[in-house]
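S.K.: I'd like to ask some things about the structure below.
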Amino acid sequence: MVVKKIPQRMCTGCNIMKPKKELIRIVRNKEGEVSVDFTGKKPGRGAYICKDIDCLKKAFKTKRLSKNLEVAISEDIYNKLKEEIENEQ
């Protein structure tokens, strides 16, 4: 029996490697628009964040999310992420 490899990604908030399915992907497309990617398949540069409010706050405070995506993150995207995390808990 073949063991299937589980893709790992690093959370930008806590810097811990976790399975890709446990994280939320934020993506920047070619036009520079930032959006939340729930499918994990949108084209563009992606960054991952845990489904944890503390990780989101830490990533936003230290501007790691902005650095990883190489673009300024608006307050609107931050609020959308916060809402999504709160709904899942």
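S.K.: Return the calculated 222 nm mean residue ellipticity for the chain, to the nearest 500 deg cm²/dmol, obtained by summing -39500 (n - 2.57) across DSSP H runs with n ≥ 4 and dividing by the residue count.
M.R.: Estimated from H runs of four or more residues: -9500 deg cm²/dmol.
S.K.: For K51, what residues show an amide H to amide H distance below 5 Å, using hydrogens built from the backbone and excluding near sequence neighbours?
M.R.: Here I24 satisfy the definition.
S.K.: I've got another one for you. Whole-Hz Karplus ³J(HN,Hα) for region 52-66, in order, using 6.51 cos²θ - 1.76 cosθ + 1.60 and θ = phi - 60°, x for Gly and Pro?
M.R.: Here the 3J(HN,Hα) series is 9, 4, 4, 5, 5, 4, 5, 5, 6, 5, 8, 6, 5, 4, 5 Hz.
S.K.: Right, another one. Residues in region 31-67, backbone N under 13 Å from the label point at E22 (7 Å along the Cα-to-beta-carbon vector): list them, ranges by number please.
M.R.: 49-52
S.K.: What residue among A47, A72, A59 shows peak mean-square fluctuation when the chain is described by a Gaussian network model with Cα springs under 10 Å?
M.R.: Maximum fluctuation in the GNM of the chain, among the listed residues, is at A72.
S.K.: Anything over 27 Å Cα to Cα? Flag those among K5/K30; K18/K41; K4/K58, in the order listed.
M.R.: Cα-Cα > 27 Å for K5/K30; K4/K58; rest within.
S.K.: Between 0 and 90 degrees, rounded to the nearest ten: what's the tilt of helix 75-88 against the longest Cα principal axis of the chain?
M.R.: 40
S.K.: For region 8-88, just say rounded, prolate or oblate: build the C-alpha gyration tensor, square-root its eigenvalues into a ≥ b ≥ c, call rounded for a/c under 1.5, and beyond that prolate if a/b exceeds b/c, oblate if not.
M.R.: rounded
Read-outs throughout are calculated quantities, based only on the coordinates presented, and are distinct from any laboratory measurement. The structure displayed is predicted, hence computed values, not measured ones. Glycine also receives a Cβ, built like all others from the backbone with ideal geometry; neighbour counts cover every protein chain displayed.
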